1. Give me a single rounded figure for A:454-460: the average over its residues of other chain Cβ atoms within 10 Å of their Cβ.
2. Ranked from the most accessible area to the least, with a 1.4 Å probe and all protein chains present, what is the order of A:Tyr114, B:Tyr88?
3. Lysine pairs in segment B:92-227 with alpha-carbon atoms under 21 Å apart, 8 or more places apart or on different chains: how many are there?
4. Could you state the orientation-averaged shadow area of the convex hull built on the Cα atoms of segment B:72-139, in nm² to one decimal?
5. What is the distance in Å between the Cα centres of segment A:404-470 and segment A:72-95?
6. Of the listed pairs A:Lys367/B:Lys73; A:Lys305/A:Lys358; B:Lys20/B:Lys228; A:Lys31/A:Lys116; A:Lys17/A:Lys476; A:Lys31/A:Lys251, which have alpha-carbon separations greater than 21 Å here?
7. If you average the alpha carbon positions of segment B:81-127 and of segment B:3-66, how far apart do those two centres end up, in angstrom?
8. Quick one: how many Å² of B:Lys153 are accessible to a 1.4 Å probe, rounded to 10?
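The values are calculated or read from the model by the stated rules, or taken from the named source; none is laboratory data. Given the structure is predicted, the values throughout are model-derived calculations rather than measurements. Glycine gets a Cβ as well: all are built from the backbone with ideal geometry, and neighbour counts include every protein chain shown. Protein only, heavy atoms only, side chains kept; ligands, DNA and RNA dropped before computing areas. Shrake-Rupley method; radii C 1.70, N 1.55, O 1.52, S 1.80 Å.
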Amino acid sequence: MSTDTRTIDTLIEAEYKWGFVTEVESDSAPKGLNEEIIRLISTKKNEPEFMLEWRMKAFRHWLKLEKQQAEPKWANIKYDAIDYQDIIYYSAPKSKKAGPKSLNEVDPEILLAYEKLGIPLNEQKRLAGVAVDAVFDSVSVATTFQAELAEIGIIFCPFSEAVQRHPELVRKYLGSVVPYSDNFFAALNAAVFSDGSFIYIPKGVRCPMELMTYFRINAADSGQFERTLIIADEGSYVSYLEGCTAPTRDKNQLHAAVVELVAHDNAEIKYSTVQNWYPGDPVTGKGGIYNFVTKRGKCEGVNSKISWTQVETGAAITWKYPSVILQGDNSVGEFYSVALSNHWQQADTGTKMIHIGKNTRSTIIAKGISAGHGQNTYRGGVKILKSAVGARNYTQCDSLLIGDKCGAHTFPYIEAKNSTARIEHEASTSKVGDDQIFYLQQRGIPKEDALSMIINGFCKQVFRKLPMEFAVEAQKLLSVSLEGSVG
Amino acid sequence: MAMLEIRNLHVKIENREILKGLNLKVNAGEVHSIMGPNGSGKSTLAQVLARRESYLVTEGEVLLDGKDLLAMKPEDAACEGVFMAFQYPIEIAGISNAYFLRAALNAVRKYHGRKEMDAMDFLPFYKGKMKLLEVDESFMTRSVNEGFSGGEKKRNEILQMALLEPKLAILDETDSGLDIDALRIVANGVNAMRSPDRATIVITHYQRLLDYIVPDFVHVLVDGRIVKSGGKELALTLEEQGYVGVETEARALAVAV
């Protein structure tokens, strides 16, 4: 190993700053997965019958898949078999009262935890222009600006609350984009999901603020299985953000979420994620979150648009392909992604764009950064169906390597059944050279700043797509996650 | 006191000794040219002065205004006023030239405890320098060196030098890959920066550049040592006779030592 590579190595040392644990008494289900647990979750949530039935169908389907050993094995990731009976499927901070609470009823410890995470929920301190739903382990603990949004007909509430107050909407849309039978983890989620956010934007309404859900895993040995459903009715617009963190623990924890988006005629949904789950111990690779997530949007109406932007810096393993079904004519799907795999992290992420309607367009910009022993895989599918006359896709997939022990892999799948389709694919792989860092240093820029400047330049196309506050956050996060990567 | 004083400098890279006892004194206001055949150690000298870490100094010392240059990190050497125009300028995607140059300028200002320059102050400042190097306005919004022609890259190096106003400027084969027009523009830029407070080291293979940037001293580097020094006319002699003559001399010298 040359001196230069050693130089880069020492820059990749960084400490996970969100690893604290909040001491709260919690109400947890016993470990293990069976019909009884599912009934327990459903009862705790006071769910109508149709929900329990749906969960049960999902669970039976999952059992079948498990028997067939149908846990997906095709991804370019390695991990020890998960013992699904060794997980707590429901854990909630104890409260005297069931159902949604006002802020002064929320455990101050939890409020403090969110404040530490930079998401103050107090009325005086809360973020301007951002409504927040705070999900702590299996439940939503607080949602801000709900009343203000309700005035213009926007529903922004915990999923469990939506099931109570808007069962007709839940019934209509739940599983309409990601059915429980979609895949192994989607089936698991459908059976045991406990909370998440529910959003409905009525016809012609442009949501005046960013809506955000902040997911926090706190309890040990538990998994987080949330479900988010966003419906943008005709001619509406919403920008939604999600953030996530977890304590530092040596045992892997499972996070298997499902997100469904529906955009009707002329509606637009912009969905941004900054994922910062605990990535595991930097030296041994022990612990960390398994982030196995199914996210899909359906551009159901004409001229509708769904845009996914993700910055994935955390989690021991990421398995995630936010996709768009372009059903309405002239609909648009976008995917902008930065995925970082540092230390022993593994990420297999990308998207699927399924073109069904006429003149549908999709853009994919994927940036993978690998450092330490990290392995980063881009997996993307572009499918043009026979009906999709005049469909267009542009894919750009860039990998950046830092150091000489990491890897970048690319698996693009393209399938076109209509000869009028125009598909472009560009890919590049580059290495953060010591040359680049030295060049910036020679101009007086300190080494750490030099690395973050290079990384930010590499990610610029994606960061530009994030809402302002998030873009700043994402840049900071990337430089912290790579702190010490070049010594 | 000389601005730069190099004493008995020995440098190794990957266990091979490249510089074998180099001595050089450069005073403020002077322009020195270092010439020599391929592999004689010219670029190594430039890299060591710019504090590239992969070069191992095994013996000797380098003083910059009396300070130990070899103890400095590359960014600190840069902030102390050492500037190297790269032989092969590096490309950085997604970072605009303007952003990069302001970050560099502010890093240097911060080091000296001076106020950082905001984008509004920076604009008129760099516009003046751009004129000097005959570069187009679009230069500043383009990513650092990305998609630049060879000539544009070299002009960008001198533009950076003009903005950072270093104490000691080292031009590492700045003439390589330049056509005659670009050479003239680059040389004009360098000449405009000649001042009694600044020293310049011009590393080159060919005498051609020295027609435009006229040096006060010419040194011939052969096999890791300076074997001959003289005035600007030495460059002409070399151009006519090649390095063979001085190489023979050097070998004779080495045997004598």
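1. Mean shielding by partner chains, rounded to a whole number: 4.
2. B:Tyr88, A:Tyr114
3. 12
4. Reported value for the Cα convex hull: 5.6 nm².
5. 31 Å
6. From A:Lys367/B:Lys73; A:Lys305/A:Lys358; B:Lys20/B:Lys228; A:Lys31/A:Lys116; A:Lys17/A:Lys476; A:Lys31/A:Lys251, over 21 Å: A:Lys367/B:Lys73; A:Lys31/A:Lys116.
7. If you average the Cα positions of each part, the centres end up 26 Å apart.
8. 40 Å²
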